[in-house]
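Here's the structure, in structure tokens; my notes come after.
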Amino acid sequence: MTKDYDINDLGINFQTNYYSLYGNANYRILKSTKYFNSFNLNLNAFTQFQKETGFVQGNNFNLNVNINNKKNHYFGLGINANPLENNDFYEPRAENRYVIIPSRVGAWFYFSSNYNYKFAFDFNPSYANFNEEGRNSYGFSMGPRYRFSDKFLLNFNFNFLRQNNNKGFVDSIDNDGNSTTPNAIIFANRNVFTYSNTLSGKYAVNSTMTFNLSVRHYWSFAENKNFLALDNKGRLNDFTNYTTNKNSNFTSWNVDLSYTWWFAPGSQISVLYRNNAANFSRTINSDFGSNVTNLLNNDALNHTFSISMRYFIDYNQVKK
């Protein structure tokens, strides 16, 4: 795929101007055993090269095991590694510039209990360590779900991710007052925290009428510790001449409450209430409660109410 590729030709493509190599192998059992309903082992590997330079811009090695036991509980674990340094041509936001991402190795585990029980629980921790002093990430997701009856189900999910000493673009400046020389590309060394809470529910009045609820709160903030300048070889060096506040604090809120009635084959009436809000600032307030309150008091809180009807007309029936 060349750099001249038109992104509209085949739909959305997030990367162009590369070629890649990919391979995978897997093993699985086809019949249940004394301990397992299913068992599979997967090995995946790929390497991606920037077309013009031949530099590695992506590589990954993944080994994972997925198990379903005789009680219909699911388990999985894996190792995920980038054994080579990556050359990221996108994060610098400038043509023909790249930043080197150090190699990393990570691991993850998941457990999902049998959804046939009234109460079920999902848990998924992960950890990754980069080949750079103090740079790592860890997180987890957890989600209880409870089926009160055959008609009513609630599901909650919490996600947390912390990225220590993450490096990211913050600005491009004219550092030497000379318009003929390239701008200095500034990165920040920062800790990034991300939280998300999701509540979903479904109540079935009968086989044709349902109420659905979806609530999501997302919060991510990055506090910059120091600034770095990108050199022409993709390395980051200390840069003390930059003092602009580039901290980031982003929160969003979404609520969808809907009623659906299938009143005839292929025919549906839907009633939807939705509210949503988003807020971005350079000031970080680490108090969770006040962040939610400030978001819901935000003038950007939008309310939407809609009613739609879809009616299916069978031409063959009308023709008779």
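Numbers at a glance
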item	result
Where a label projected 7 Å from the Cα of Tyr218 along Cα→Cβ would reach, residues of segment 241-279 with amide N under 13 Å	250-255, 277-279
Selection from Asn226, Ala81, Ile284 lying farthest towards where the dipole of the chain points positive, charges on Cβ	Ala81
Modelled FRET efficiency - R0 51 Å, Ser38 with Lys225, Cβ distances, 0.05 increments	0.65
Length released on extending from Trp262 to Ala25, taking residue separation times 0.36 nm less the Cα-Cα span	80.8 nm
Nearby aspartates and glutamates by direct alpha-carbon distance to Lys70 (threshold 19 angstrom, same-chain neighbours under 8 apart not counted)	Asp122
³J(HN,Hα) computed for each position of segment 117-129 - Karplus, 6.51 cos²θ - 1.76 cosθ + 1.60, integer Hz, glycine/proline x	6, 4, 10, 9, 8, 10, 8, 8, x, 8, 8, 9, 10
FRET efficiency for Leu296 and Asn245, using Cβ-Cβ distance with R0 set to 25 Å, rounded to 0.05	0.50
Cβ-placed point charges (K, R +1; D, E -1), dipole of segment 50-190 about Cα centre in debye, nearest 20	1100
Highest-fluctuation residue, Lys34, Lys118, Lys151 considered, GNM on the chain with Cα pairs under 10 Å	Lys34
Solvent exposure ordering (accessible area, 1.4 Å, most first) of His217, His73	His73, His217
Proximal aspartates and glutamates to Lys167, defined as alpha-carbon separation beneath 20 angstrom and excluding residues fewer than eight positions away on the same chain	Glu85, Asp88, Glu91, Glu95, Glu132, Glu133, Glu223, Asp231, Asp238
Longest exposed-site-free window of the chain, the sites being GluC sites (Glu not before Pro) in a DSSP loop that have at most 11 other C-beta atoms within 10 Å	134-320
Karplus-derived HN-Hα couplings along segment 299-313 (A = 6.51, B = -1.76, C = 1.60, θ = phi - 60°), whole Hz, x at Gly and Pro	4, 7, 5, 9, 10, 10, 10, 9, 10, 9, 10, 10, 10, 8, 10
Accessible surface of the chain [probe 1.4 Å, protein heavy atoms]: carbon and sulfur percent	55
Fully extended contour minus Cα-Cα distance, from Tyr138 to Asn175, at 0.36 nm per residue	9.7 nm
Residue-normalised accessible area of the chain, given per residue in Å² at a 1.4 Å probe	62
Option label - Cα extents along the principal axes in Å computed here, alternatives (i) 81, 43, 37; (ii) 77, 57, 51; (iii) 72, 46, 35	(ii)
Heavy atoms of Lys71: accessible area, 1.4 Å probe, square angstrom to 10	130
Karplus-derived HN-Hα couplings along segment 49-60 (A = 6.51, B = -1.76, C = 1.60, θ = phi - 60°), whole Hz, x at Gly and Pro	10, 6, 5, 6, 9, x, 5, 6, 10, x, 7, 7
Nearest-0.05 FRET efficiency for Asn129 and Asn183, computed from C-beta distance (R0 35 Å)	0.60
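The values are calculated or read from the model by the stated rules, or taken from the named source; none is laboratory data. Model, not experiment: these values are computed from the prediction. Heads up, the Cβs are rebuilt from the backbone with ideal geometry, glycines too, and the neighbour counts pull from every protein chain shown. Please note that ligands, DNA and RNA were not included when accessible areas were found on the heavy atoms of the full protein model with its side chains. Shrake-Rupley method; radii C 1.70, N 1.55, O 1.52, S 1.80 Å.
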